Amino acid sequence: MVVAGRINKLAFYCRMNHRNRDYTQFIPEVSQTLDKRFGKGNWEMQMFYEIASGVDPARKEFNRLKMEMRAGKFDAVIIITA
């Protein structure tokens, strides 16, 4: 749960289905959105990135993200698929 007045911990999951794409192209836009929503310096982001098909249930980073979500490590999750 996102809470005003404290550092919010966010997970950023980016799944690319083509090897020639660069996930870093999304970071400035995501950072601007987070700054507007939470204020500068009020969020920390952990990145989860992989090149994989969305139908593959064995996606390593996606499964790691789910495990860390269950452990309560994040207040919110941002997902981008490209």
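No lab work stands behind these numbers, since they all come straight from the coordinates. Only a predicted model underlies this, so the values are computations on that prediction, with no experimental measurement involved.
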Residues whose placed amide H lies under 5 Å from that of Met45, excluding near-sequence neighbours: Leu10
Over 24 Å (Cα to Cα) - which of Lys9/Lys40; Lys40/Lys73; Lys36/Lys60 fall in this group: Lys36/Lys60
For the chain, built as a Gaussian network whose Cα springs stay under 10 Å, the top-fluctuating residue of Ala71, Ala52, Ala11: Ala71
Relative contact order of the chain, pairs being alpha-carbon contacts under 8 Å that are 6 or more residues apart, as %: 53 percent
Nonlocal amide H pairs with Ile78, under 5 Å, H built at 1.01 Å: Ala11, Phe12, Tyr13
Label selected from (1) 13.3, 39; (2) 30.2, 86; (3) 18.2, 57, the criterion being Rg and Dmax of the Cα atoms in Å as computed here: (1)
In sequence order, calculated HN-Hα J values of segment 27-33 (Karplus, 6.51, -1.76, 1.60; Hz; x Gly/Pro): 4, x, 5, 5, 4, 4, 4
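Quick check on the chain: helices-only [θ] at 222 nm, where DSSP H runs of length 4 and up contribute -39,500 (n - 2.57) each and the sum goes over total residues. Nearest 500, please.
Mean residue ellipticity at 222 nm (helix-derived): -8500 deg cm²/dmol.
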